[in-house]
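A short write-up of the structure that comes next.
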Amino acid sequence: MILLLSNLVVILSAILVFLAVVSILVGVLLFAKKKLTPQGEVTLTINDDKEIVVEPGSTILQPLVTMACFYHRPVVAAVHAECVNAKFLRVAALFWPPRSTSLRAVSKPKTGV
Amino acid sequence: MENLISIFVKSIFVDNMIFAYFLGMCSYLAVSKTVKTSTGLGLAVIFVLGITVPANYLIDKYLLSPGALSWVSPLLGALDLSFLSFIMFIAVIASIVQLVEMVIEKFSPALYNSLGIFLPLIAVNCAILGGSLFMQEAEYTNIGEATVFGLGSGVGWFLAIVGIAAIREKLKYSNVPAPLRGLGITFIVTGLMGIAFMTFMGIKL
């Protein structure tokens, strides 16, 4: 009986100690997450006419692919930059050639012949 | 003060995590291709060891070791919860690593991207758990000693990974025999560095 009681005390105190420590750690992590990671939603504006509301924290390419916005290859490479903290981003101004312009038109005109 | 310096120097050179115990070899071999990335990982390991070892020291001293709970009630003085050491230490380490990940992602996205999967994998880096377990075994008398031991172990790991990264950067221009290129020559160089570090074992501190 005494042995059973002492084992019960050990088990109960182990559970209590474990729960207390893990709760403190989870509390610290939640506090840090609230303070360190961006909260809310991010609005992407493409060429002043299309707006996408996305979750922050991923690459800018991800929502564009999800929305099936396909670009020329150089643009995709440029879009790969991270946009973690931006609240408002003008993709048109940063990377995108105007929609009517083809890549050939953007590249340097050939001289000579 | 002399005692602290002795613990610090000993944990860097004599009891080096990589060269004396061969702990944390996974990320040591995988992230040691460039000095820049390995410096970042080494600093992250110093930070994690510098926080987890004293945190685990407090948990061990006031919650887990035999008679540690006597501060709660004299009736609990006979309790020995040291069987919880592993799970508690790992829980603390995993939480601190998550914290470090958030801090690095916020303040240095470039380092966050270059460390990639190896940043969350610090949680299962055996050098980190090894630091806490060695601390428990050494039975340090105060938290200062435990902190210095943690930082020293981290600095030792940092030195090792930055050293091997610098050597690997130079090795790119060497004529290494084809079968040894890559990990083979890295293992050999690590062994040679381990032998070199054995010379510190004669130091009496």
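Laboratory data are not the source of any read-out in this text; all were calculated from the coordinates shown. Note that the structure is a prediction, hence the values are computed from the model and not measured. Here the Cβ is made from the backbone with ideal geometry for all residues, glycine too, and neighbour counts use every protein chain on show.
Summary of values
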{"item": "Calculated FRET value between A:Ile52 and B:Ser6, using beta carbons and R₀ = 51 Å, to 0.05", "result": "0.30"}
{"item": "Backbone N within segment A:6-38 under 15 Å of label point (7 Å from B:Leu75 Cα along the Cβ vector)", "result": "A:6-14"}
{"item": "Computed over chain B: relative contact order in percent, which uses C-alpha pairs under 8 Å that are six or more apart", "result": "41"}
{"item": "Of B:Ser27, B:Ser174, B:Ser114, the one that fluctuates the most in a GNM where chain B has Cα springs shorter than 10 Å", "result": "B:Ser174"}
{"item": "Lys/Arg +1, Asp/Glu -1 at C-beta; chain B dipole; positive extreme among B:Ile104, B:Val189, B:Leu84", "result": "B:Val189"}
{"item": "Of B:Ala123, B:Ala165, B:Ala78, the one that fluctuates the most in a GNM where chain B has Cα springs shorter than 10 Å", "result": "B:Ala78"}
{"item": "FRET efficiency, 1/(1 + (r/R0)^6) with R0 41 Å, evaluated for B:Thr34 and A:Thr43 via beta carbons", "result": "0.65"}
